[in-house]
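The numbers here are math on the coordinates, done by the rules we state, and not lab data. The model shown is predicted, which means the values in this text are computed figures rather than measured ones. All Cβ positions, glycine included, derive from the backbone under ideal geometry; neighbour counts span all protein chains shown.
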Amino acid sequence: MELLEQIADQLEKGQAATVAQLTTEAISAEIPAAEILNGGLIAGMDLVGEKFRKHEVFLPHVLLAAKAMHAGMELIKPLLMRDGVRRVGKAVLGTVRGDQHDIGKNLVGIMLEGAGFEVLDLGTDVAPERFVEAALAGGATVIGMSALLTTTMPVMREVIELINERELRGRLRTVIGGAPVTEDYAREIGADAYAFDGVSAVDRIRDLVAGGPGLLGGP
Ligand code: B12
């Protein structure tokens, strides 16, 4: 089995130590970090997600896989960030209230830091007020929100309503993401941008920081 497939396979089995060892081997073999991430770690997490959906594995298994993902990510994080030396903007990032999923959000954070952004990561289960207050206190101009549950997606709308109520639109711009989130939903709730993955999140946030129009047609 090819090295990246082995990483995916061991991640799916929740073997954190083996995932770490194979990831180190892949780094030594000079496989680019982005390939290790997509072809190994994310591919493995996709396998788990698929089995979870079909009820072939249960939550404890998913948690072990998430730990293995973390073990691999810690090793490639410095490589993903290597090229980002210049600070191009500041963004607040968090998973919305009621939601504990943070793997995707963390990946977006790593990609943003790699692209030169300063990231204020608020973690998971973040209340709407905290997003806004942290952005104002930290001088961030972009708020990135993650939701993995259909039941927590509406919290994103609450954050945007709060920004509107406090007349902060234009000063604070929003970008949303997470598996159940779509561009249509972003338009519906009045978010400035939607991104499908970490790479496009960097592109969208770069546009917003540069004063680009976003989904709403203006800063
Ligand atoms: C891992 C996982 C867990 C782990 C989370 C561990 C952790 N530390 O994150 C644990 C075991 C804790 C968990 C718990 C639960 N989970 Co869960 N979980 C998953 C699983 C298998 C993978 C998610 C993941 O990490 N994907 C990998 C990452 C890389 O992808 P991603 O998150 O989508 O992120 C990418 C993009 O979406 C985007 N993105 C993400 N965030 C952001 C933010 C911004 C700003 C931008 C621009 C982009 C962006 O970029 C990322 C990188 O490419 C999914 C299945 C799936 N396929 O999504 C279910 C899933 C999300 N879980 C689900 C459920 C139901 C639950 C529970 C309610 C189960 C239960 N009964 O307790 C609990 C809820 C706990 C809570 N309150 O949050 C359902 C949700 C169903 C729904 N429609 O709402 C899913 C879809 C599984 C399923 N098919 O049923 N889960």
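What value does segment 171-219 have for Rg/Rh, both radii from Cα atoms and Rh as Kirkwood defines it?
Here Rg/Rh amounts to 0.93.
Can you tell me the alpha carbon radius of gyration of segment 1-94 divided by the globular rule-of-thumb value 2.2 N^0.38 Å?
1.16
Restricting attention to the alpha-carbon atoms of the chain, what are Rg (one decimal) and Dmax (integer), both in Å?
Using the Cα atoms of the chain, the pair Rg, Dmax is 17.6, 56 Å.
Net charge within 12 Å of G98 by Cβ-Cβ distance, Lys/Arg positive one each and Asp/Glu negative one each, not counting G98 itself?
That works out to -2.
If you split all Cα-Cα distances of segment 32-161 into 5 Å bins from zero, what percentages do you get per bin, shortest first?
The calculated distribution, bin by bin, is 2, 10, 18, 19, 19, 16, 11, 4, 1, 0.
So if I take the centroid of the Cα atoms in segment 18-38 and the same for segment 167-202, what is the distance between those two points in Å?
31 Å
What number results when the radius of gyration of segment 54-106, computed over Cα atoms, is divided by 2.2 N^0.38 Å?
Its radius of gyration relative to the 2.2 N^0.38 Å reference: 1.51.
Given just the C-alpha atoms of segment 89-209, how large is their convex hull per residue in cubic angstrom?
81 Å³
Sort R204, R53 by Cβ crowding within 10 Å, fewest neighbours at the top.
Ranked by crowding around the Cβ, least crowded first: R53, R204.
Could you order peptides 186-193, 164-171 by the average number of other Cβ atoms within 10 Å of their residues, highest first?
186-193, 164-171
With unit charges on the beta carbons (Lys and Arg positive, Asp and Glu negative) and the dipole taken about the Cα centre of segment 1-110, which residue among V57, N38, V92 sits farthest to the positive side?
Of V57, N38, V92, it is V92.
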